[in-house]
Amino acid sequence: MPPEPLLADRARGQRSPVAELRAVDKIYGSGAGLVRALDQLDLTVRKGDYLAVMGASGSGKSTAMNILGCLDRPSSGSYHLNGNAVEDLDDDALADLRNQQLGFVFQQFHLLPHATALENVMLPMIYAGLSPQQRRDKAREALDRVGLGERMQNKPNQLSGGQQQRVAIARAIINQPALLLADEPTGALDSRTTDDVLNLFDALHDQGITLVLVTHEDDVAARAERVAHFRDGRVERWDGGTHDFKPT
């Protein structure tokens, strides 16, 4: 009988891919000023994954996150999200894709300061064609899901940092994204609040959400199933799980 990690890897390999980067380059500038932020990057995120991405400044991790989030385009190579080619979509199609299939959580919470928690969470659904009552009902459900059912009418300045991040997470999952992307989501939080937010990510992952998290903190990355360590625009090494990475 194979050891447990191999069994887990085999089961994971049977999950369908959500995001696939193949031979992705990202180049800025030209000539002497050319910077290769990503260098022939291959990366697969499968349904139900919890992946942490680490690396020094300039390693390419944030560039990879921006491409996964359709906030930037690869210079070459391909990106498929749920089987659909992304790299050639126009700006309007990319905006629709971000709204419908991606959720974002950032270090800074990016909440509207004069809107309530409920109104902040309702915002992405305005573009989804739902009625005002449907938006309100779904936002209430999402805030309950992150433990803020009693704070729906509070504005951001009436919430702690951890509570604001929970509002941001509720907003990120409101449209049931295929992929949740978190960029240094605990960077502005103290250690106790960090644990609360990471426990929430654990719970969302247990409920089936596919999660990619960028962090520079080892204890945060340790919560993930797999850790990809970036260097010079590539994955230098992996910790844990099946890698879906072709070494060079």
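The values are calculated or read from the model by the stated rules, or taken from the named source; none is laboratory data. Fair warning: this is a prediction, and the values are worked out from it, not measured in the lab. So basically every Cβ, Gly included, is an ideal-geometry build from the backbone, and we count neighbours across all protein chains shown. Quick note on the areas: whole protein, heavy atoms, side chains included, nothing else; ligands and nucleic acids left out. Shrake-Rupley method; radii C 1.70, N 1.55, O 1.52, S 1.80 Å.
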Residue count for the range 139-168, restricted to those that are charged (D, E, K, R), under 22 Å from the mean Cα position of the chain (by Cα) and under 15 Å from H110 (Cα atoms) = 1
Looking only at the range 80-90, count how many residues are at pLDDT 90 or above and of a type in the set (D, E).
-> 1
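Among the candidates A168, A203, A188, A182, which residue alone is open to solvent by 30 Å² or more (accessible area, probe 1.4 Å), in contact (Cβ under 8 Å) with a residue 60 or more places away in the chain and under 19 Å from V220 (Cα atoms)?
Numbers: A168 fails: open to solvent by 30 Å² or more (accessible area, probe 1.4 Å); A203 fails: in contact (Cβ under 8 Å) with a residue 60 or more places away in the chain; A182 fails: open to solvent by 30 Å² or more (accessible area, probe 1.4 Å).
After applying the criteria, what remains is A188.
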Residue that is surrounded by the fewest Cβ atoms within 10 Å (Cβ to Cβ), among those in the range 17-57 that are touching a residue at least 60 places away in the same chain (Cβ under 8 Å) and not in a strand (DSSP E or B) = A56
Counting only residues in the range 17-72 that are over 18 Å from the mean Cα position of the chain (by Cα) and acidic (D, E), the one farthest from D96 (Cα to Cα) is identified as D39
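Quick check on my filter: what residues within the range 62-75 are touching a residue at least 60 places away in the same chain (Cβ under 8 Å) and more than 20 Å from P17 (Cα to Cα)?
The first filter runs over the range 62-75 and keeps only residues touching a residue at least 60 places away in the same chain (Cβ under 8 Å), leaving 62-65, 68-69.
Once the filter is applied, which keeps residues that are touching a residue at least 60 places away in the same chain (Cβ under 8 Å) and more than 20 Å from P17 (Cα to Cα), the range 62-75 yields S62, T63.
In the range 58-74, what residues are in a loop (DSSP other than H, G, I, E, B), open to solvent by less than 20 Å² (accessible area, probe 1.4 Å) and of a type in the set (G, A, S)? Full working, then the answer.
Taking the range 58-74 first, the residues in a loop (DSSP other than H, G, I, E, B) are 58-60, 69-74.
Applying the additional criterion that residues be open to solvent by less than 20 Å² (accessible area, probe 1.4 Å) yields 59-60, 69-70.
Of everything in the range 58-74, those that are in a loop (DSSP other than H, G, I, E, B), open to solvent by less than 20 Å² (accessible area, probe 1.4 Å) and of a type in the set (G, A, S) turn out to be S59, G60, G69.
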Among the residues of the range 172-225, write down those that are charged (D, E, K, R) and outside any loop (DSSP other than H, G, I, E, B).
-> D183, R192, D195, D196, D202, D206, D218, D219
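For residues that are outside any helix (DSSP H, G or I) and touching a Leu at 6+ places or on another chain (Cβ under 8 Å), scanning just the range 89-144, find the one that is most open to solvent (accessible area, probe 1.4 Å).
Of the range 89-144, the ones outside any helix (DSSP H, G or I) are 89-90, 102-116, 129-131.
Those left that are additionally touching a Leu at 6+ places or on another chain (Cβ under 8 Å): 89, 102-105, 112, 115.
Values: L89: 52, L102: 11, G103: 2, F104: 43, V105: 1, L112: 86, A115: 14 Å².
The extreme case among them is L112.
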Boolean, G83 is closer than 30 Å to V24 by Cα, more than 16 Å from the chain's Cα centre (by Cα) and not basic (K, R) = yes
Conditions (1) modelled with pLDDT under 95; (2) of a type in the set (A, V, I, L, M); (3) within 17 Å of F104 (Cα to Cα); number of the one not met by L68 | (1)
Sort through T215, T210 and tell me the only one that's touching a helix residue (DSSP H, G or I) at 6+ places or on another chain (Cβ under 9 Å), in contact (Cβ under 8 Å) with a residue 60 or more places away in the chain and under 26 Å from S16 (Cα atoms).
-> T215
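Matching residues to (1) acidic (D, E); (2) over 17 Å from D196 (Cα atoms):
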position: V105; (1), (2): no, no
position: H114; (1), (2): no, yes
position: A128; (1), (2): no, yes
position: S131; (1), (2): no, yes
position: Q134; (1), (2): no, yes
position: D137; (1), (2): yes, yes
position: D144; (1), (2): yes, no
